[in-house]
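Readers should treat all values here as calculations from the given coordinates under stated rules, not as data from a laboratory. Only a predicted model underlies this, so the values are computations on that prediction, with no experimental measurement involved. Cβ placement follows ideal geometry from the backbone for every residue including glycine, while neighbour counts extend to all protein chains displayed.
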Amino acid sequence: MEFKEFSNRIDQWDQKIILKYNGLGGKPFTIILRFISFFGRETLWLLLIAFYLFIWYDPFLLAYISGTFLTGLIIILALKQIIKRKRPFERFEKGKIIVYERTPSSKSFPSWHSYNVMAQGLLFGLFFLNSLLITFIIVIITIIVSFSRIQLGVHYPSDVIFGCIIGIMGFLLTIFLIGPLILQILTYFEQFVVFEIQYQQVNSLLFKNIGYILLTFGILLIIFFLAIYKTIKERFKRS
């Protein structure tokens, strides 16, 4: 009974906050938040994974970025399917919550964007930049991206809060378990590669091997297509 009462209070708070901040700041602010929200999308991190695999091979960065991504993918998708929380615009009467980006088709809890920006942000702060100032900037970006999901009308506050918490968990899991495991797997398979592996430099195969060029271009094209597919599909439905 106490848990149910607590859950109801959280739900009421969620509704109050999203009704207050949905669309806050008008069109210019919304455009800025839509752009910043991109840092939480899977497209950016898939592009980085492809970059460190096919263009600038770095097994260390590849292992930890992909490890963070895959850890989140498994946890977030599992929770979305188990909890099955409706998006804010699905619960309120039509027009009360306005969606200022393409309409998501997945469930609301927890936020995938918040997970990505928190987990990958901590990873960048630890491994790539190693600066308190940069870490502080990453925290600010995480807060802005998380807020953007509320302002754009696609998530409740508790969705993004738990997304960030799971992001911290995903970061720690990757650092101590998943990342080292993927790095070992990459090291194992490197011994079976028939050409010379070029570390931390632009792969020369991009300039002389047509098959490798087509493979790299094809992977990048698929990532871009997946990024715009839902937007195109939604526009066709509207028309």
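Data for the structure
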| read-out | value |
| --- | --- |
| Acute angle (nearest 10 degrees) that the helix 59-83 long axis makes with the longest principal axis of the chain, alpha-carbon atoms | 30 degrees |
| 222 nm mean residue ellipticity, helices alone, for the chain (DSSP H n ≥ 4; -39,500 (n - 2.57); rounded to 500) | -22500 deg cm²/dmol |
| Highest-first arrangement of 49-58, 103-112, 176-185, where packing means the average Cβ count within 10 Å | 103-112, 49-58, 176-185 |
| Cα principal axis extents for segment 26-123, largest first, Å | 49, 36, 21 |
| Separation of alpha-carbon centers, segment 168-224 and segment 1-34, rounded to whole Å | 40 Å |
| Subset of 4/84; 4/94; 20/94 violating a 24 Å alpha-carbon distance limit | 4/94 |
| Calculated diffusion of segment 110-181, Stokes-Einstein form, Kirkwood radius summed over Cα pairs, 20 °C and 1.002 mPa s, µm²/s | 175 µm²/s |
| Percentage, to the nearest whole number, of Cα pairs in segment 39-81 over 13 Å apart | 55 percent |
